[in-house]
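Q: The following block contains the structure, expressed as C-alpha cells.
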Amino acid sequence: MLELFAAKPETPIYSVPKRDGRKKINTVLMGTWLGVEKTQGSFLHVRTAGPDGWVHKNDTRPDRVLKVFFIDVGQGDGALIETPENKRVLIDGGPGRHTYNYLTKWQYQYLLNQANSTVHIDAIIISHYDADHYGGLIPILEDRRFTFGTIYHNGIARFRTNTKKKKRPTRYDQDLGTTTGRGKNRVLKTQFSSLTELLALEQTGEDAFQGIFRRFAHACRDAKKEGRLGKLKLLKQGGAVPELTDSTHALSAEVLGPVLNVNSGKPVFKWFSNSSHTRNGHSIVLRLSHHSQSMLLGGDLNSASERHLLDHHGGAQPFHVDIAKSCHHGSSDFSIAFIQAIDAAATIISSGDNEGHSHPRADAVGAVAKYSNAVLPLIFSTELARSVNSEGDILFGMINLRSDEQDVVLAQMKEAGANRDLWDSYMVPFQPTKHHKA
C-alpha cells in the first residue's frame, strides 16, 4: 500500500471523488498517515484516522512532518514526539496509566494488534524524578511489547523519607542523597548516569529508595535483562540527543539544563533551598528546533532555578522560542525575567483536576500572555481541552503540534465536533483576523 501524509493544516476527506456534489466526511491534521487504496482522476481513496474516504492529490505529501502530542495525563506532564525520520521519543509520562493507555489503546494499537509485534521507543527523556512526570512510564517499561533505546534523565535519585519505623541509610542526609556545604554554597553530591550506577545507590538488603523510584529502577533492570532497553544516561547542559537530531529535516535539540556546578573537581547540583525546589529546579531543559521554528520543554523549573539558568547562559539568550511548554504546570513560582526571555507566541500548559495546587495559576497564565512576541498570544491547556460528554465519558484534552518546512499548527479537538469539523486549530504565530479588528 502506498503511504502518503496529509499536507494541509486541516486536510479534508470527502465521500466521493469529484468536485461537484462531494461531502466532507472527515478532517485530519497535517502529517496524518494516508494509506492509498485506489486512484480516480486527481483523487485518492485512503485509509486514515477516522472515516476513510477520498482526498485530493494536492492535499497530500510523500514524507512525514514533525509531530508532538501533548498527552492529557491529568496533573503532570507527558508528551510523545514523532520525528520526520520516524523516531519516537517520550518526554515524561505523567502519573498513573494515561500515557500507557494512550500508546496501547490509540496511537500504536494498530501495531500492537499484529501478532508478535513490538513498538520501539527510540528515547525517553525524564525531565526529573517526580511521580507526576515519570510514574506513568513504569507500565510502559514493564510491557514486553515495547523496546527502548536510551533513557535520558537529570541524574537525581529519590530516596525514602525517614519515619519512626523506617529510615534511609545514614549516608544520605536528604531524600535526594548526600549534600555538603551550607547556605548558598550547599550542593547535592549524589547522582547517577548508567543503570549500574542507579542500582548501586541501594545496596543489597537496604530499603533506601522511595517506593515508586525502586519500581522504576527494577523495571529498567528487568527490561535490560530481557534485551528491551539500551541504556540510561544523565543529560545535562551541553549534552546531545541524537534521536532528535536530523540534519536532513533541519531538526535539532539543544540541552540548556540542568547546569551543574563543580565542587572539588567533581560535578554537583546547586541546592535550591529544599528537596522539592532542587529536584524540580534541575529539570532537563530542552530547546527543539525544526527549520525556522523552535520549542522549549522545561520540566518543573522554579524561580530560583530560572535565575540560575539565566545567570549561566548570560547574554546568549537561548531561551527565546516560538512555542513553550509551561514550566511546572502553570505554577506561581516563576521568574518574570525568564518568561520575558522565552517570549513565546504560544504556550501549552499541562495540568489536572482535583489537585490542591490550583494549576494553572492566574498570574502564570497572565504572564505568558503579557510577555509574548505575538499580537495574539495562544495559550493551550490540557485541562481546559478536557471535557465530559452527556454519557459521563471523559474526552481527554490532548494538544497536537504539527510542523513542516514552513508552518507550525497547534490544534485541539472540539468538545462536540463531528468528524468533518473536528479540530480547533491555529497557525503559529497566530495573526489577527477581520473579526479581531472589528
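Q: Using the beta-carbon distance between Q406 and N373 and R0 = 25 Å, what value does 1/(1 + (r/R0)^6) give for FRET efficiency, to the nearest 0.05?
A: Values: r = 18 Å, r/R0 = 0.73.
According to the calculation, E is roughly 0.85.
Q: Rounded to the nearest 20 Debye, what is the dipole magnitude of the chain about its Cα centre when Lys and Arg each give +1 and Asp and Glu each give -1 at the C-beta?
A: 860
Q: If you take every residue apart from R186 with its C-beta less than 12 Å away from the C-beta of R186, what net charge results, scoring Lys and Arg +1 and Asp and Glu -1?
A: +3
Q: From the residues F319, S193, I81, which one has its Cα farthest along the dipole of the stretch 66-427 in the positive direction, the dipole being from +1 and -1 charges on Cβ of Lys/Arg and Asp/Glu about the Cα centre?
A: S193
Q: If we restrict to alpha carbons, what Rg and Dmax does the chain come to, in Å?
A: Rg, Dmax (Cα atoms, Å): 22.7, 78.
Q: Right, next: Let me know the charge dipole size of the stretch 2-61 about its Cα centre in debye, to the nearest 20, where only the beta-carbon of Lys, Arg (+1) and Asp, Glu (-1) is charged.
A: 200
Q: Another question about this same structure. Charges on Cβ only, +1 for Lys and Arg, -1 for Asp and Glu, centred on the Cα centroid of the chain; of T39, L2, N113, which one is farthest towards the dipole's positive end?
A: N113
Q: Suppose we look only past 25 Å in the calculated P(r) of the stretch 238-345. What percent of the Cα-Cα pairs does that tail hold?
A: Of the Cα pairs, 21 percent sit more than 25 Å apart.
Q: Along the positive direction of the dipole of the chain (beta-carbon charges: Lys, Arg +1; Asp, Glu -1; about the Cα centre), which of A219, P51, H277 reaches farthest?
A: Checking the options against the dipole of the chain, the answer is A219.
Q: Still on this structure: Which GluC sites (Glu not before Pro) does the stretch 165-214 hold that lie in a coil by DSSP with at most 15 other beta carbons within 10 Å?
A: Those that pass, being in a loop and sparsely packed, are E206.
Q: Then there is this: K23: which aspartates and glutamates have alpha carbons under 14 Å from its alpha carbon, excluding same-chain residues fewer than 8 sequence positions away?
A: Qualifying aspartates and glutamates at Cα under 14 Å: D52, D421.
Q: Out of all DSSP beta bridges with both ends in the chain, state the antiparallel percent to the nearest 5.
A: Close to 75 percent.
Q: A further question on this structure: Please say if the stretch 137-194 is rounded, prolate or oblate, where rounded means a/c under 1.5 for a ≥ b ≥ c the square roots of the C-alpha gyration tensor eigenvalues, and otherwise the choice is prolate for a/b larger than b/c and oblate otherwise?
A: Judged from the Cα gyration tensor, the stretch 137-194 comes out oblate (a/c at least 1.5, b/c at or above a/b).
Q: Follow-up. Quick check for me: using +1 on Lys/Arg Cβ and -1 on Asp/Glu Cβ, what's the dipole size of the stretch 124-259 about its Cα centre, in debye to the nearest 20? Don't skip to the end; give the middle numbers.
A: Working: 23 positive and 15 negative charges, 154 e Å.
Using only the charged Cβ atoms, the result is roughly 740 debye.
Computed from the coordinates by the stated procedures, all read-outs in this text should not be read as laboratory data. Just so you know, these numbers come straight off a predicted model, no measurement behind them. All Cβ positions, glycine included, derive from the backbone under ideal geometry; neighbour counts span all protein chains shown.
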